[in-house]
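Note sheet for the following structure.
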Amino acid sequence: MDRYDYVIVGGGLFGGVMAWYARQNGKSCLVIEKRSHLGGNLYCEEIEGIPVHRYGAHIFHTSNKKVWDFVNSLAEFNRYTNSPVANYHGQMYNMPFNMNTFSKMWGVSTPEEARKKIEEQRSSVTGEPSNLEEQAISLVGTDIYEKLIKGYTEKQWGRDCRDLPSFIIKRLPVRYTYDNNYFNDRYQGIPIGGYNGLIEKLFEDCDVLLDTDYLADKARFDAMGDRIVYTGTIDAYFGYRFGRLEYRSLRFEDDIYDTDNFQGVAVVNHTAREVPYTRTIEHKHFDCTVPYSQTEKTVVTREYPVTWEEGMEPYYPVNDERNQSLYQEYARLGAGEEKVLFGGRLAEYRYYDMDKVIESAMDKAEKEFGSRL
Ligand code: FAD
Ligand code: UDP
């Protein structure tokens, strides 16, 4: 077939949800993906019988019941609850910031004692916090900022905390209870066996071209579809004509260890500046339905943040003022492309979690097809 109702550029989550709706509505789809697999950053690779989250830890969490019901209709989820631990020079602190963290940091035992400590330490910030450093200190005080936030954040983003927007740190809960759940959302889990089954369902009955860059042959692919769904970077779509948006990238290094349990938890955050990686992920602990002792070996991935350059994966948008206003210029051009629907983390240049990508794709699909779930 060389003519489709939809040409979907990008085999990630946004493209997948659009493809699913299109197929439900009897539309034909061609999916063009430049990587050698579908799934975008959710893709899992099996190593030593363990599903390895190839592009970093992916924990599904949402408060949107419609989104939760949708993903559960396509895959069976486990009851994994993310409760990472931060390692600062060998001292282990529970995350996110909660009574366990405060107790270890200051020896306090009640919420009132913890509040008092943070009140004392936040006095240097007056008025509305204008950057990540001020926001962090005003939320948790200077000790936690220095030990658990500053080094990690400056490694992750490659810039000073005073040059970063405050919203990034507001992603993390601060709780005056002994609760180590990293997320506040009502629903949380990981598909049993990893994300690939979910991805297969989303793209069922689509034609797929892997290892293919849409932009390298745009005119030909455009002629193949009545509508285009584009989920790649928006600055690349427009040939970088106003300049380049900035992204952060990551390098993942795997090690296989001859032990059934390397770090005792799926995610350890390494918060000291001197340690070059930000996280170590021990993938087997994501699957709480299988006892960890069932596999004799374990796979551990170290996550090294790097400055994005051409040819690397653009994992994170850098939503500072310069990039936001540049993005707005591209978005204005995008609005004029009548045949093209732009969506997802890269085309909308937003720090979207999976549930928000699904929500946004559902909204757009329902406008497109007029159908509801
Ligand atoms: P992507 O997954 O990036 O998909 C876009 C696809 O388009 C890619 O496959 C890309 O190769 C392809 N593409 C781009 N340009 C072209 C082109 N020119 N031609 C052909 N194909 C192209 N979210 C959570 O909810 N929980 C988490 O725990 C979580 N952890 C994360 C950890 C990391 C390290 C990262 C980077 C993200 C994490 N996320 C998490 C966010 C999650 O990955 C995203 O919300 C989701 O993957 C976005 O889907 P998408 O379809 O918008 O983008
Ligand atoms: N963060 C931190 N210390 C930690 C974990 C996170 O300072 O141990 C900060 C850091 O700035 C990070 C932000 O909180 O970019 C958001 O963390 P999250 O875990 O949501 O990052 P993501 O999973 O998106 O990489």
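The values are calculated or read from the model by the stated rules, or taken from the named source; none is laboratory data. Small disclaimer: the values here were computed from a predicted structure and weren't measured. Heads up, the Cβs are rebuilt from the backbone with ideal geometry, glycines too, and the neighbour counts pull from every protein chain shown. Quick note on the areas: whole protein, heavy atoms, side chains included, nothing else; ligands and nucleic acids left out. Shrake-Rupley method; radii C 1.70, N 1.55, O 1.52, S 1.80 Å.
Scanning the range 194-209 for residues that are surrounded by 13 or more Cβ atoms within 10 Å (Cβ to Cβ) and in contact with an Asp or Glu (Cβ under 6 Å, 6 or more places away or on another chain) turns up nothing.
For the range 134-146, does any single residue satisfy the condition of being over 23 Å from the mean Cα position of the chain (by Cα), away from ligand 2 (no atom under 14 Å from the Cβ) and at pLDDT below 95? No, the range 134-146 has no match at all. Just so you know, in the range 344-372 the residues that are among the charged types (D, E, K, R) and under 13 Å from the mean Cα position of the chain (by Cα) include one that is most open to solvent (accessible area, probe 1.4 Å), and it is 350. Taken together, 117, 150 contain a single residue that is part of a helix (DSSP H, G or I), more than 30 Å from residue 77 (Cβ to Cβ) and within 14 Å of ligand 2 (Cβ to nearest atom), which is 150. Of all the residues in the range 44-85, those that are in contact with a strand residue (DSSP E or B) (Cβ under 7 Å, 6 or more places away or on another chain), of a type in the set (Phe, Trp, Tyr) and within 10 Å of ligand 1 (Cβ to nearest atom) number 1. For the range 63-104, give me the residue count where each residue is surrounded by fewer than 18 Cβ atoms within 10 Å (Cβ to Cβ) and part of a loop (DSSP other than H, G, I, E, B). Matching residues across the range 63-104 total 8.
Go through 366, 329, 337 for me and flag whichever is out of contact with any helix residue (DSSP H, G or I) (no Cβ under 6 Å at 6 or more places or on another chain), part of a helix (DSSP H, G or I) and under 27 Å from residue 5 (Cβ atoms).
When all the criteria are applied, what remains is 366.
For the structure I just gave you, tell me whether residue 226 is out of contact with any Lys or Arg (no Cβ under 9 Å at 6 or more places or on another chain) and of a type in the set (Asp, Glu).
no
Residues that are surrounded by 13 or more Cβ atoms within 10 Å (Cβ to Cβ) and either small (Gly, Ala, Ser) or over 22 Å from residue 358 (Cβ atoms) (or both) within the range 215-236 comprise 215, 218, 221, 222, 224, 225, 232, 235, 236, listed in sequence order. A count restricted to the range 17-62 and to residues that are away from ligand 2 (no atom under 16 Å from the Cβ), open to solvent by 10 Å² or more (accessible area, probe 1.4 Å), not basic (Lys, Arg) and not in a strand (DSSP E or B) stands at 12.
Give the residue that is surrounded by the most Cβ atoms within 10 Å (Cβ to Cβ), with candidates limited to residues of the range 237-279 that are basic (Lys, Arg) and under 20 Å from the mean Cα position of the chain (by Cα). Before the answer, list the steps.
To start, the set of residues in the range 237-279 that are basic (Lys, Arg) comprises 241, 244, 248, 251, 273, 279.
Restricting the remaining residues to those that are under 20 Å from the mean Cα position of the chain (by Cα) gives 248, 251, 279.
On the way: 248: 18, 251: 13, 279: 22.
Here the answer is 279.
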